[in-house]
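Only the coordinates and a few stated rules stand behind these numbers; no lab work does. If you're wondering where the values come from, they're calculated on a predicted model, not measured in any experiment. FYI the Cβ positions are ideal-geometry reconstructions off the backbone, even for glycines, and counts take in every protein chain you see.
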Number of protein chains: 2
Amino acid sequence: MFYPEAMTRLIEELARLPGIGPKSAQRLAFFLLDSPAERIDALVGALRDARERIRYCSVCWSLTDTDPCRICQNPARDRSTLCVVEHPRDVIAMERTREYRGLYHVLHGALDPMEGVGPDDIRLKELVRRVGGGDVREVIVCTNPTTEGEATAVYIARVLRPFGVRVTRIARGLPVGGDIEYADEVTLAKALEGRREM
Amino acid sequence: MFYPEAMTRLIEELARLPGIGPKSAQRLAFFLLDSPAERIDALVGALRDARERIRYCSVCWSLTDTDPCRICQNPARDRSTLCVVEHPRDVIAMERTREYRGLYHVLHGALDPMEGVGPDDIRLKELVRRVGGGDVREVIVCTNPTTEGEATAVYIARVLRPFGVRVTRIARGLPVGGDIEYADEVTLAKALEGRREM
């Protein structure tokens, strides 16, 4: 290698991060070497702090620094509605809409038999247990509109049928600001199928 | 904010890194939270280690863990030729060619009057001092083929004229594997101008 050994190791470690290729890792390494010590301490401190304090909520499995999380604890939230998402970041995306007032359930993945992800590998048992608890009247399945997300949605609808709760699926259609000309045919077909009276 | 505070801070710190936007910062933060402790320790360790050990060579201003650097110390390198580059990573790019056997001089930037970067802000004095030392017979200016890099090259040629050394500029032309159809007109003009007998 042409770099001093400590530099090579830093570049290698950075290149293991998702979305960071060898060129970005090199650029990051130079930036980190040239940064003042306080900036590095702030970054490392934030990392250690987040890893110490952030947990998964034992009720909804979202990210939290309190348990249960602030959403689960909030008396203003509608306890009869559960929004099921794949990932904690989907909770944030939903919260940003400021339209949803119910609770969440984070699966931490989607069913993917090809990759060996079965019902026991995601937080499905916990969902069934919560719905079995009796407060829930509607489960809105907000898994991704991918093959895995759709399969997971179908599975959830099936396992929740015995509880007599309403299970709905978030609408698929054209993204707002999108262009019909450039929409793929599957999205367009879904948008057509989901059309509503004006 | 919708994230727990420690998570928000980690995302903010990551988003300060070059080339990392808010979405990548969020993805990195989730990745770092989910990584095993050993991976995090390895990353932080590599960072601390690199910052402690890596210095600039006091002769050529390249990155090094010894002073002078291994290239400056190497008796097999040709001490009469100096390759002037803008950045330490350009040294690595040159070394990768395995064609260059001389020494280097890293400017740590290029002249850029619009941004207030003048001759005293880059390692130009050090270059003049080295050339004045008497060993150097040729200075190959390998600054970038940008406005700033070209201006720096012209400036270097001028300040080194009194020493009577040969000052050359790396060739500009079509990149190997490139396509004439897609080359910009300035590159094409430079390639034409730099044509050689076959």
Give the residue that is surrounded by the most Cβ atoms within 10 Å (Cβ to Cβ), with candidates limited to residues of the stretch B:30-39 that are closer than 19 Å to B:R9 by Cα and more than 7 Å from chain A (Cβ to nearest Cβ).
B:S35
I'd like the full set of residues that are outside any strand (DSSP E or B) and either surrounded by 19 or more Cβ atoms within 10 Å (Cβ to Cβ) or charged (D, E, K, R) (or both), limited to the stretch A:100-110.
A:R101, A:L107, A:A110
Just one of B:T143, B:T97, B:T152 is surrounded by fewer than 13 Cβ atoms within 10 Å (Cβ to Cβ) and under 17 Å from the mean Cα position of the chain (by Cα); which is it?
B:T97
With respect to B:L17, determine if the residue is within 7 Å of another protein chain (Cβ to nearest Cβ), part of a helix (DSSP H, G or I) and in contact with a helix residue (DSSP H, G or I) (Cβ under 8 Å, 6 or more places away or on another chain).
no
The stretch B:111-125, residues that are assigned to a loop (DSSP other than H, G, I, E, B) and not hydrophobic (A, V, I, L, M, F, W, C):
B:G116, B:G118, B:R123
Of all residues in the stretch B:20-29, which are basic (K, R) and more than 8 Å from chain A (Cβ to nearest Cβ)?
B:K23
With the requirement that a residue be in contact (Cβ under 8 Å) with a residue 40 or more places away in the chain and either exposed (fewer than 14 other Cβ atoms within 10 Å of the Cβ) or away from every other protein chain (no Cβ under 14 Å) (or both), what does the stretch A:84-94 give you?
A:V84
Enumeration of residues in the stretch A:49-83 that are within 11 Å of chain B (Cβ to nearest Cβ) and not in a loop (DSSP other than H, G, I, E, B)
A:D49, A:A50, A:R51, A:E52, A:R53, A:R55, A:Y56, A:L63, A:T64, A:R70, A:I71
